[in-house]
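Input: a single structure, listed below in structure tokens.
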Amino acid sequence: MAESITQRRPLTGWDKPELDLSNAQWQSGSNGLGDVQIAFVEGFIAMRNSGRPESPSLIFTPAEWGAFVSGAREGDFDLT
């Protein structure tokens, strides 16, 4: 039997606001070659799977985004 989530609760210590991403200007994270899209909303960076835009988005502060991108450039993440 498949489970479904009916209500999401914020994580303890979660310091990011609930962002309204409904009007976000999504951009390809890899010039249209990959599955990741990003949007800049209210000082945060949102990242989602372009193949499943209804799925939850990851939200980064600018510092977190910088660390993520730096790690990806160093090979810590496989973005393909």
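The values are calculated or read from the model by the stated rules, or taken from the named source; none is laboratory data. What you see is a predicted model, and the numbers here were worked out from it, not measured in a lab. Note that we place each Cβ from the backbone using ideal geometry, even for glycine, and neighbour counts take in every protein chain shown. Accessible surface areas use protein heavy atoms only, side chains included; no ligands, DNA or RNA. Shrake-Rupley method; radii C 1.70, N 1.55, O 1.52, S 1.80 Å.
Some notes on this structure:
- Filtered residues of segment 1-40 (kept if of a type in the set (Gly, Ala, Ser), assigned to a strand (DSSP E or B) and either more than 18 Å from residue 65 (Cβ to Cβ) or at pLDDT 90 or above (or both)): 39
- Taking the criterion of being part of a strand (DSSP E or B) and open to solvent by less than 60 Å² (accessible area, probe 1.4 Å), the residues of segment 41-80 that qualify are 41, 44, 45, 46, 47, 48, 59, 60.
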